[in-house]
Structures are given as structure tokens and as C-alpha cells.
1. What is the calculated FRET efficiency for Arg79 to Thr173, with r their C-beta to C-beta distance and R₀ = 25 Å, to the nearest 0.05?
2. Using just the alpha carbons, could you tell me how many Å³ per residue the convex hull of region 6-150 encloses?
3. Between Ile43 and Ser88, what FRET efficiency follows from the Cβ-Cβ distance if R0 is 30 Å, with the result rounded to 0.05?
4. Restricting things to alpha carbons, tell me how big region 62-136 is in terms of Rg and Dmax, in Å.
5. Rank-order 54-61, 199-206 by packing density, defined as the average count of other C-beta atoms within 10 Å over each peptide's residues, highest first.
6. Note down the nm distance, to one decimal, between modelled labels 7 Å out along Cα→Cβ at Phe51 and at Thr108.
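Quick note: the coordinates plus some simple rules give every number you see, no bench work behind them. From a predicted model like this one, the values you see are computed outputs, not experimental measurements. Every residue, glycine as well, gets a Cβ built from its backbone with ideal geometry; the counts of neighbours run over all protein chains shown.
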Amino acid sequence: MKLDTVALVETPEGTDLHAEVVGLVPRALAYTLDFLIRMGIIIVLGIVFSFLGKAGEGLYLILFFVLEWWYPVYFEVFRGGQTWGKKSFKIKVVNDDLTPISFGPSLTRNLLRAADFFPAMYVCGCISVLTTSRFQRLGDLAAGTIVIYEEEERYVSHSLDQVSAVAPSYPLTEEQQSAFINFALNRGRMSRDRQTEIAEIIRPRLPLNATDAAKYARGVGKWLLGAR
């Protein structure tokens with residue numbers, strides 16, 4: 001099977017989205033850090049609740065379950081796809097169409113950690129990551145998720161700094177606004193020919209003085225992002 005470190009998704013608007021998928025080693029390091037964080041919290045809680053007798057033992061078991069199974073779900077859903085470990089290594093979980101992960105997929109991929117762990121030490125999960133084109137473990141395959149490098153901030157700062165904001169010459173629908181923004185944010189990941197091909201679609205709607213359709217589309221996208 002051919003392995004590729006770049007995930008490519010074409011949006012309905014015709015814009016190509018790219019992201020670099022994460023291999024085994026960074027994922028393992030991030031998991032190890034998360035594991036150590038959870039174990040540290042569990043040890044501290046164990047010491048605290050040991051003074052509460054049977055009631056403390058019951059509370060400890062409940063919190064142990066919550067930390068083990070809901071810690072990653074909470075952070076993936078409400079913290080941009082990043083646990084503390086993933087954030088430290090600048091990686092995150094997203095859906096395989098590069099949209100933010102939601103509760104259902106996150107729950108699925110984390111419940112299936114048990115299958116990835118089989119028979120021991122995440123052997124099945126490691127084999128799956130090493131043999132799938134997008135480095136997906138079994139939980140990712142079932143949930144339709146991938147792990148990618150976080151690079152949006154670096155990308156935005158470099159992709160738009162040389163573009164002048166342009167106010168749209170006609171009212172835009174929400175879908176059209178999304179298309180212009182996507183085009184502007186992803187221009188650095190498309191060839192010049194691909195940019196021109198996509199931008200020429202809106203040629204009939206451009207002002208007469210807009211000779212460069214791609215440049216105009218990027219300018220509108222930057223304007224919609226708040227630049228003036």
C-alpha cells in the first residue's frame with residue numbers, strides 16, 4: 001500500500017485542502033505524555049481519597065474511569081482536537097475530511113483503544129498505523145478520523161501577508177463567503193495553474209478591472225477574514 005504523508009480533500013466549492021498526517025512516533029510520544037499526565041493525577045487522587053475509607057475508594061474508581069475514558073474525548077471535542085499531549089507535539093485529531101472532530105467520532109475512536117491495544121502494548125494499533133495510507137489506527141478507521149500536524153496559524157500568517165484585501169463587488173451568500181475564505185487560506189497549497197483554474201469559475205462575476213481572477217478571489221477572502 002502506498003503511504004502518503006499528505007491528506008488531500010476537495011471541498012464542494014472546488015478548493016483543495018491539504019494537511020500533513022502524523023506517523024507513529026509523534027503519536028506514540030503524545031500518547032505517552034497524556035498517559036503520564038493521567039497517571040500523575042490518578043496517583044494524587046489515590047493518596048487524597050485513601051483517607052476517606054470505602055467512600056473514598058468508590059469516588060476514586062469513578063474518577064479513574066472518567067480520566068481513562070473521557071479525558072481524551074473531552075479535549076478532542078472541546079479543545080480543538082488536542083489533548084495536552086497532542087498540543088505539546090502540535091498535532092490534532094480531525095475528521096478524515098479535515099473538519100473538526102465531533103463527539104460521536106471521538107467517542108468511537110477512544111472506545112476502540114481496547115481493540116488497538118490487543119493483544120498487548122497497542123500492537124494492533126501500531127500495525128494499523130504503519131500499514132494504512134493515512135496512518136490510522138483501528139479506532140481512526142472506525143470513526144473516520146485522522147491525526148494531522150497543526151499548522152493553520154503558520155499557514156495563514158504566510159499565505160495572506162502579500163495579498164491586499166478587496167471588498168466584494170456584489171453581495172455574497174454564506175456559501176460563497178466560505179468558498180472565498182477557503183480559497184484564500186489554501187492558496188499556498190495549490191499550484192498556480194490550479195488556483196487559476198478554480199478562480200476562472202467566477203470570471204463572469206468579476207469587475208472589469210479584475211484581470212487576475214485568482215488574485216481577486218484571494219483579496220476578497222482576506223477582506224472577509226476581517227482585513228481592511
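1. E between Arg79 and Thr173, to the nearest 0.05, is 0.20.
2. Working: hull volume 15.7 nm³, N = 145.
So the per-residue hull volume is 109 Å³.
3. That pair, Ile43 with Ser88, gives E of 0.90.
4. Considering region 62-136 through its Cα atoms, Rg and Dmax are 12.7, 38 Å.
5. Final packing ranking: 199-206, 54-61.
6. Those two pseudo-labels are separated by 4.6 nm.
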